[in-house]
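Take a look at the structure below.
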Amino acid sequence: MARKKNSKIKRKNKTKGFAYLILICLSVLFAIFLAFKLYLYSLPPINNFDSIKPNPVTSIYSSDGKLLKTFSSFKFEKVEIEDVPDDLKNAFIATEDKNFYHHEGYDLLGLVRSTIVNIMAGRAKQGASTITQQLARILFLSNEKTFDRKIRELILAHRIEKTISKNEILEMYLNAVYLGSGTYGVLSASKTYFDKELKDLTLAEKALIAGLPQAPSIYSPFKNPDKAIKRRNWVLKRMRSTGCITKKQYEQAIQEELTLNQKPRIYSHNKAPYLVDYIINELKKIGFDEDEISSEGLRIYSTVDYESQIKAQDSIRTTMQAVGLTKDKSQASLFSFNPTNGKIYAYVGGKNYEKSQYDRVTNAIRPPGSSFKPFVYAAALKKGLTTQDLMDDSPLKVSEKWAPKNYGDKYRGEIPAWLALAVSSNVCAVRLIQATGVDAVISMARDLGITTPLQRDYTIALGSNGVKLYDMVISYGAFANGGYRVQPYAVERVENSRGVVIYENKSVRSLKVLDFDIAASMTYMLKKVISSGTGKTASIGREAAGKTGTTDDYRDAWFVGYTPDLVTGVWVGNDDNTKMPGITGSSAPARIWREYMKVATSNFPESVFNYPEEKTAQNEEKLENAIEKEEIVEEVTENTEEEKPKYEIMHTSAPAPVPNTEEVKQIEFKKPFDTNATPASAPLPGQ
């Protein structure tokens, strides 16, 4: 009996002790809450609150501070609270903050609930933000989910409540909240999604808009209509449960079909749309998500030169009109960057973004024609060719089915390598790949930056396989900078809404892929292309190098060239791969390149390539004078009728078979390069 009695006493004491502990904890929590409450009451209203403007709009700037894009030109368009339909106000309140008119800036029960959830999770998982807290975040804070930010948000919300009325808070919130697709505020959302004024919205449309703030991208009716409808119906259910609408209204609204604006108005200012798409993709790779980019008021500073970007767009537009390529299918693209530091200078993915958002810089894969030949020559230089070695520019038959020809059946006999490239001899390029080996050429192209499939075939010497303009420009950059493949980038730095730098690009991503002397020799030969060869149209009055390219039946036309400071590529063609009216690399692309580069290079001193003087032959000047008197017509990759490559937009088929490597007869170069000598080397300029 005594043992049972003692056991009961112990249990009773233990229960009392636990109750006392709970009482002490509750007392401490109450004391903390009371102290915090008193602290909040002691805070003054916010001074000059009327002058504070919500500015959640992300902006993208050029390197010289010119505005390229804002995600909403309606950022300060205001709708008075009296002009907001009651159903729309009720939809937001029912969804975001059902106790809006009854709290002092924060919801105590919601705060306790979210605090418990967050403590158990060990991180800020649940928000429980009131409309006033959300407004505080829009005006003063960021979207980071941290405990200290939550406390600051709560304090600011209480001060806002002491400063302005509930209706003023709701009005400011409804004008500032981000609702997806670059829209801020209910008025711009109404016009963007439904092309209606607020007063003309249906109940279902109002509910859809009210459901967007939690995840504008996920619930966007343009991107995810099914999720948008599901979210809309959830909002309607909340409105029904809070008594805002009747059962009949609810049942009718959830049955309403989603009818969106078929031609949504573009509310965002955007002077370089293809470039902006590239920048956004780069930001995502860096680690920014879509909501951060569009709704956190970031200031994104790009590497792009404003005047050069505008000139790139204008030169494409005016040149395409001048040569008669006015149809929507007729397109052009331009990509330009600094080959020493990787900064993108200009980026144009097409002729008209409103009619086609397809980016032809990074996505289109088209045959480059003779603009691929420098890879063949670079591979040959690596194996011993010199710029002065003599080559056989005479008719050639590779097999029974394939005999490459020069344009117009023009042949010059025995000519030096530099001249063969300058006049873009097809037969010399094929003889060179026979001597050098297809694998060596493919390896060179890969090292320089070509990422698309390349068939093991002699016809790649004439540019039969598809490539990306983006890759071609990177590859030519290695000729310009001493042999380094440099990764381009467009985002210089990012500031948050308070001006704090949260990202900055501080390094150059580069890889040594080519010997310095090979880069020097390639530049020497490609300078000849512009000074006296097929690229004369691209002359800009300062030292430059480059190469033209035109494919069968004038389906693609290219010019890729560079100065010591900029490497730029231009492609012109039809999206459906149909023929163009005699457009060659030396016509429209070279003209676009020239007009753009004249403006872009004006920002740099008239620098020269940091390469040693190339040894020249005694008759070089005589040869140059001779070809300058000729009418050098841009080459077109010609093949026999029996075996002509069928170029396609995304890939190409190549006809000429390649014998086994051991069966290929090597060319005996007249002046062989000393392959045992140690190549010269130099650091990447600017490093």
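Structure above, values below:
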{"quantity": "Some residue of region 544-554 being small (Gly, Ala, Ser), part of a loop (DSSP other than H, G, I, E, B), crowded, with 18+ Cβ neighbours inside 10 Å and more than 30 Å from the chain's Cα centre (by Cα)", "calculated": "no"}
{"quantity": "Any hit, region 441-464, residues being hydroxyl-bearing (Ser, Thr, Tyr), surrounded by 24 or more Cβ atoms within 10 Å (Cβ to Cβ), assigned to a loop (DSSP other than H, G, I, E, B) and on the phi > 0 side of the Ramachandran plot", "calculated": "no"}
{"quantity": "Complete set of residues in region 359-384 that are more than 17 Å from residue 550 (Cβ to Cβ) and among the hydroxyl-bearing types (Ser, Thr, Tyr)", "calculated": "362, 377"}
{"quantity": "Within region 469-486, considering residues that are open to solvent by 10 Å² or more (accessible area, probe 1.4 Å) and either more than 25 Å from residue 505 (Cα to Cα) or among the hydroxyl-bearing types (Ser, Thr, Tyr) (or both), the one nearest to the chain's Cα centre (by Cα)", "calculated": "470"}
{"quantity": "Close pairs (7 angstrom Cβ cut-off, 6 or more residues apart or separate chains): part of a helix (DSSP H, G or I) in region 251-263, modelled with pLDDT of 95 or more anywhere", "calculated": "253/203; 253/204; 253/207; 253/236; 254/233; 254/236"}
{"quantity": "Extreme residue, surrounded by the most Cβ atoms within 10 Å (Cβ to Cβ), among residues of region 397-417 that are in a loop (DSSP other than H, G, I, E, B) and of a type in the set (Ser, Thr, Tyr)", "calculated": "411"}
{"quantity": "Selection within region 196-214 - over 13 Å from residue 181 (Cβ atoms) and aliphatic (A, V, I, L, M)", "calculated": "198, 201, 203, 204, 207, 210"}
{"quantity": "Out of 568, 534, 584, sole residue that is surrounded by 18 or more Cβ atoms within 10 Å (Cβ to Cβ), free of Cβ contacts under 8 Å to residues at least 60 places away in the same chain and either over 31 Å from the mean Cα position of the chain (by Cα) or not in a helix (DSSP H, G or I) (or both)", "calculated": "584"}
{"quantity": "The one condition in (1) under 24 Å from residue 202 (Cα atoms); (2) open to solvent by 50 Å² or more (accessible area, probe 1.4 Å); (3) modelled with pLDDT of 70 or more that residue 79 fails to fulfil", "calculated": "(2)"}
{"quantity": "Members of region 279-307 found to be within 17 Å of residue 181 (Cβ to Cβ), open to solvent by 60 Å² or more (accessible area, probe 1.4 Å) and touching a residue at least 24 places away in the same chain (Cβ under 8 Å), listed by number", "calculated": "290"}
{"quantity": "Residue in region 104-113 that is at pLDDT 75 or above and on the phi > 0 side of the Ramachandran plot present", "calculated": "yes"}
{"quantity": "Within region 487-525, considering residues that are within 17 Å of the chain's Cα centre (by Cα) and of a type in the set (A, V, I, L, M), the one surrounded by the most Cβ atoms within 10 Å (Cβ to Cβ)", "calculated": "490"}
{"quantity": "Residue 310 being buried (at least 23 other Cβ atoms within 10 Å of the Cβ) and either in contact with a Ser or Thr (Cβ under 8 Å, 6 or more places away or on another chain) or not in a loop (DSSP other than H, G, I, E, B) (or both)", "calculated": "no"}
{"quantity": "Conditions (1) open to solvent by 20 Å² or more (accessible area, probe 1.4 Å); (2) β-branched (Val, Ile, Thr); (3) at pLDDT 85 or above: number failed by residue 131", "calculated": "(1)"}
{"quantity": "Conditions (1) out of contact with any Phe, Trp or Tyr (no Cβ under 8 Å at 6 or more places or on another chain); (2) open to solvent by 50 Å² or more (accessible area, probe 1.4 Å); (3) of a type outside the set (Ser, Thr, Tyr): number failed by residue 237", "calculated": "(1)"}
{"quantity": "Residue in region 418-426 that is touching a residue at least 60 places away in the same chain (Cβ under 8 Å), open to solvent by less than 10 Å² (accessible area, probe 1.4 Å), under 19 Å from residue 554 (Cα atoms) and touching a Pro at 6+ places or on another chain (Cβ under 9 Å) present", "calculated": "yes"}
{"quantity": "Condition met for residue 378 (surrounded by 21 or more Cβ atoms within 10 Å (Cβ to Cβ) and part of a helix (DSSP H, G or I))", "calculated": "yes"}
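Yes or no, residue by residue, for (1) among the basic types (Lys, Arg); (2) assigned to a helix (DSSP H, G or I); (3) closer than 30 Å to residue 482 by Cβ:
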site	(1), (2), (3)
339	no, no, yes
353	no, no, no
372	no, yes, yes
385	no, no, yes
395	no, no, no
428	no, yes, yes
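The values are calculated or read from the model by the stated rules, or taken from the named source; none is laboratory data. Quantities reported herein were computed from a predicted structural model and do not represent experimental measurements. Cβ coordinates were reconstructed from backbone atoms using ideal geometry, including for glycine residues, and neighbour counts include every protein chain displayed. These area figures cover heavy atoms from the full protein model, side chains too; ligands, DNA and RNA do not enter into them. Shrake-Rupley method; radii C 1.70, N 1.55, O 1.52, S 1.80 Å.
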